[in-house]
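Engineer: Structure provided below as structure tokens; questions to follow.
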Amino acid sequence: MDLNAILQWPHLVPLICALAIVLVLPLVAGYIVLVERKVMADMQVRLGPMRVGPHGLLQPIADAVKLLLKEDIIPENADRYIFWLAPLISVTAAMLALSAVPIGPVFLIADLNIGLLFILGVGALGIFGIVLGGWASNSHYSLLGALRSAAQLVSYETSAGMAVVGALLLAGTLSTRAIVERQAQDGVWFLFAAPVGFFVYLVASIAETNRAPFDMPEAESELVAGYMTEYSGFRWALYFLAEYTNMIVVASIATTLFLGGYLRPFAGTPIFDFLDYLPALLILLVAGYCFYRAPKQPVSVQKGFMAVVGLLCGGMALLLALPVAAPAGSFLAGAKPGLHGAFWFLAKVGAYLYVFMWLRFTFPRYRFDQLMRLGWQFLLPVSMANLAGIAAALALHRGLGWGVVPSFALTTALTVAAAAYLVWIGEKHEVGKIGEEETAGNA
Amino acid sequence: MLDLVVFYFFAALAVVSAVLVVTRRNVVHSAIFLATALLATAGIFLSLRAEFLFIVQIILYTGGIMVLYVFVIMLVNLDVALHQVQFNRRWYVALLLTVVLGAQAFAAILVSRQSLYALPPAPAQALEPNTELVAWGLFHTYVLPFEIASVLLLVAMIGGVVMAKKRI
Amino acid sequence: MVPIGHYLFLSLALFSIGIVGVVTRRNVIIILMSIELILNAVNINLVAFSRLVGSVEGQIFAIFIITDAAAEAAVGLGIIIAFFRNRETVLADEMDILKW
């Protein structure tokens, strides 16, 4: 068995990607939690975790060790097998959904013909984990939280699915890599052709992952912790991992469909090839900032730490810049699509997750009936209007021969008008009810 | 060879899960085993190169219908029912009936499968690209059944809502 | 391709298990679940023949059956909930209000 034969094995890259996801994802999810806490602290004008490790960077590791060493409690009269099975289903469904996500043109575990539908379908299997977990806990709070959470997920799945179908009309295929390639061919991200669809998908994906402001089922002040109440230690960590993996999955779907996947901005046009230096430049800026702050640290350990981080960033910038500067056809230039694709994809997913966190710390929580009303009476009609609008735009553009901009601008304006009308009706309905209550009280 | 192994794996999973569905005392356990049986069926669809049907089975059947079943089980779950008799009083008649029916069908398949083996299986390319072919069939050739199916779903939706309301 | 007889026997096995479930169990929800098993057995049959013949029509028929199963499950479960609200039971033997 020589090395060449192993390297030529077609299943090698998918296997490495799969191993990377299963082994590295828990660590990455832990660090996303740390990033969220730091962002939350920044928005609340404080510092966040600072004690464990330099600038709190070892906090996720400390949390993981604590969770692993906690006592494993199973409630009395709880169904042991289902109690054990439920977090497993959630985590398996979330990780399986990551297998069709195109992190780069090569970093794809499986280029399925039905890739996007596969991600949506397998992600929907996570609902089982939630419902069974709530039921197996043999506790009222858990069951109520689980049923509410499952109802919320099912409601917003329809709107999310229709928003996705709207963008699929533009792509013409279900394979995730082909969708990204189509955006490169058309020269425009589908975000600009279907902005209402992107907005609907953004809201629906926040509700799909039980994030604030839609986190009534797991809010601490409402139902203790919903379906996760009776889970402690490692089982709770599994549910948490499943939730953050789900966030990464929906961010990946949005990036693939609307934000151009692993393409750099203006991927189609060769004039903008200088943008290929942008990743290296951005990371060099981060390295420069680290070196700038290093002398200002109070403790020498932190000075050394900042310097090391700066050096690492510099190395990464070099790694990203070399394939662009290398002559075409060499091994380095061949590595460019993979490396740069991964950078752009992760940057877009990171931006989408930052918007999630931003919205979490800005808006108050929706009450459950308001949540359901929003899902069924606002988002679903808007997504249907979006679907009809995109179909009309495509008919005008491809059938009647209108230009791209007029047809899409017209249908987007009509969809926004329909959404505004729905908001107006919704307000009238709410105000009407309050008015009736007042007159009834006075009469 | 690999085809045969995959088939036997999913077939064994489907049959074992099905037997467990009809014999478990706890209804939630039955529901979980039904979900497993449905996933095994989806695997068989995938091995038969029906990729669109595979994902439709997962999204609709396992992710939709089974979630509905689990919801209702949790709403009507009675601890009393766990301790009552699970099987019909006339279960031997039922079993006899099923055995006779099964034996008849078994004999029919045994006798007639030689003529089916004479038919060479069509090349796999006839079913590619699967989603596009299914879409063409649904929206061009069989568009009338498609529209009737949507009316059926609408009727079922309205019926379900009306029946589950406390006061109409 | 795996010989067609294998798929026919598998479909028959699931079908018989489903029938046993329908005529033997008392719990109405398990009866409904056994009906789903029967529908799945039919689906396997259809898709196997669609692969043998090379036409996609078997799969289209299977999609219609899945749609039908969804509608029937929704209505059936609605009936069960409505009945449970009245009589507090889900056992088929005790649903005998029409008898006198």
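The values are calculated or read from the model by the stated rules, or taken from the named source; none is laboratory data. Nothing here was measured: the structure is a model prediction, and the numbers come from that model. Positions of Cβ are generated from backbone atoms using ideal geometry, with glycine treated the same way; all protein chains shown enter the neighbour counts.
Engineer: Got a number for residues in the range B:43-57 being without any contact (Cβ under 8 Å) to a residue 24 or more places away in the chain, farther than 13 Å from C:Ile63 by Cβ and surrounded by 24 or more Cβ atoms within 10 Å (Cβ to Cβ)?
Structural biologist: 1
Engineer: If C:Ile65 meets every condition in (1) within 20 Å of B:Val76 (Cβ to Cβ); (2) within 22 Å of the chain's Cα centre (by Cα) apart from one, which number is that one?
Structural biologist: (1)
Residues checked against (1) without any contact (Cβ under 8 Å) to a residue 40 or more places away in the chain; (2) hydroxyl-bearing (Ser, Thr, Tyr); (3) more than 20 Å from A:Leu57 (Cβ to Cβ):
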position: A:Asp276; (1), (2), (3): no, no, yes
position: A:Ala287; (1), (2), (3): yes, no, no
position: A:Cys290; (1), (2), (3): yes, no, no
position: A:Arg293; (1), (2), (3): yes, no, no
position: A:Val301; (1), (2), (3): no, no, no
position: A:Ala307; (1), (2), (3): yes, no, no
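Engineer: Here's another thing I want to ask about it. Residue check: is B:Tyr8 assigned to a helix (DSSP H, G or I), buried (at least 19 other Cβ atoms within 10 Å of the Cβ), at negative phi and among the hydroxyl-bearing types (Ser, Thr, Tyr)?
Structural biologist: In short, no.
Engineer: Follow-up. Determine, yes or no, whether B:Val19 is at the interface with chain C (Cβ under 10 Å from one of its Cβ atoms) and over 14 Å from the mean Cα position of the chain (by Cα).
Structural biologist: no
Engineer: List pairs: first in the range C:84-100 and over 18 Å from B:Ala164 (Cα atoms), second surrounded by 11 or more Cβ atoms within 10 Å (Cβ to Cβ), Cβ under 6 Å, 6+ apart or cross-chain?
Structural biologist: That search, which allows pairs on different chains as well, returns C:Leu91/C:Arg26; C:Ala92/C:Arg26; C:Ala92/C:Val28; C:Asp93/C:Arg26.
Engineer: Which fully enclosed helices (runs of 4 or more DSSP H) of the range A:122-241 have 2 or more residues being closer than 29 Å to B:Ala31 by Cα and modelled with pLDDT of 85 or more?
Structural biologist: A:126-136, A:140-171, A:195-208
Engineer: Is it the case that some residue within the range B:136-151 is at pLDDT below 90, surrounded by 16 or more Cβ atoms within 10 Å (Cβ to Cβ), facing chain C (nearest Cβ under 9 Å) and in contact with a helix residue (DSSP H, G or I) (Cβ under 6 Å, 6 or more places away or on another chain)?
Structural biologist: no
Engineer: I would also like to ask the following. Can you name every residue in the range B:30-48 that is more than 7 Å from chain C (Cβ to nearest Cβ) and over 18 Å from C:Val20 (Cα atoms)?
Structural biologist: B:Ile32, B:Ala35, B:Thr36, B:Leu39, B:Ala40, B:Ala42, B:Gly43, B:Leu46, B:Ser47
Engineer: Answer yes or no as to whether A:Met247 is over 23 Å from the mean Cα position of the chain (by Cα) and assigned to a helix (DSSP H, G or I).
Structural biologist: When the stated conditions are applied, A:Met247 does not pass them.
Engineer: Another one. Restricting to the range A:256-292, name every residue that is touching a Gly at 6+ places or on another chain (Cβ under 6 Å) and either in a helix (DSSP H, G or I) or at pLDDT 85 or above (or both).
Structural biologist: Hits for the range A:256-292 are A:Tyr262, A:Ala287, A:Cys290, A:Phe291.
Engineer: Is there a residue in the range A:372-380 that is modelled with pLDDT under 90, under 30 Å from the mean Cα position of the chain (by Cα) and of a type in the set (Gly, Ala, Ser)?
Structural biologist: Checked against the condition, which is being modelled with pLDDT under 90, under 30 Å from the mean Cα position of the chain (by Cα) and of a type in the set (Gly, Ala, Ser), the range A:372-380 yields no hits at all.
Engineer: Kindly establish whether A:Val91 is on the phi < 0 side of the Ramachandran plot and without any contact (Cβ under 8 Å) to a residue 24 or more places away in the chain.
Structural biologist: The answer is no for A:Val91.
Engineer: Specify which of the listed residues (A:Ala393, A:Ala420) is at pLDDT 90 or above and touching a Phe, Trp or Tyr at 6+ places or on another chain (Cβ under 6 Å).
Structural biologist: Unique residue meeting the criteria: A:Ala393.
Engineer: Select from the range A:74-84 the residues that are hydrophobic (A, V, I, L, M, F, W, C), in contact with a Phe, Trp or Tyr (Cβ under 9 Å, 6 or more places away or on another chain) and either within 16 Å of A:Phe234 (Cβ to Cβ) or not in a helix (DSSP H, G or I) (or both) and list them in ascending order.
Structural biologist: If the condition is that a residue be hydrophobic (A, V, I, L, M, F, W, C), in contact with a Phe, Trp or Tyr (Cβ under 9 Å, 6 or more places away or on another chain) and either within 16 Å of A:Phe234 (Cβ to Cβ) or not in a helix (DSSP H, G or I) (or both), then A:Ile74, A:Phe83 are the ones that fit.
Engineer: Turning to a different aspect of this structure: Could you list, in sequence order, the residues of the range B:73-121 that are farther than 30 Å from C:Val2 by Cα, more than 8 Å from every other protein chain (Cβ to nearest Cβ) and aliphatic (A, V, I, L, M)?
Structural biologist: B:Val80, B:Leu82, B:Val93, B:Leu96
Engineer: Just to be sure, is B:Ile65 more than 26 Å from C:Met1 (Cα to Cα) and modelled with pLDDT of 90 or more?
Structural biologist: Spelling it out, B:Ile65 is indeed more than 26 Å from C:Met1 (Cα to Cα) and modelled with pLDDT of 90 or more.
Engineer: Moving on to the next point. For the range B:1-16: of the residues being small (Gly, Ala, Ser) and at the interface with chain C (Cβ under 8 Å from one of its Cβ atoms), which is farthest from B:Asp79 (Cα to Cα)?
Structural biologist: B:Ala11
Engineer: Taking B:Gly102 as meeting all but one of (1) assigned by TED's automatic domain parsing to the domain that holds B:Val27; (2) surrounded by 16 or more Cβ atoms within 10 Å (Cβ to Cβ), write down the number of the exception.
Structural biologist: (1)
Engineer: Considering the range A:1-35 alone, what residues qualify as being aromatic (Phe, Trp, Tyr) and either buried (at least 16 other Cβ atoms within 10 Å of the Cβ) or under 24 Å from A:Leu353 (Cβ atoms) (or both)?
Structural biologist: Once the filter is applied, which keeps residues that are aromatic (Phe, Trp, Tyr) and either buried (at least 16 other Cβ atoms within 10 Å of the Cβ) or under 24 Å from A:Leu353 (Cβ atoms) (or both), the range A:1-35 yields only A:Tyr31.
Engineer: Among the residues of the range A:156-165, what is the count of those that are within 12 Å of chain B (Cβ to nearest Cβ) and not β-branched (Val, Ile, Thr)?
Structural biologist: Looking only at that region, the number is 2.
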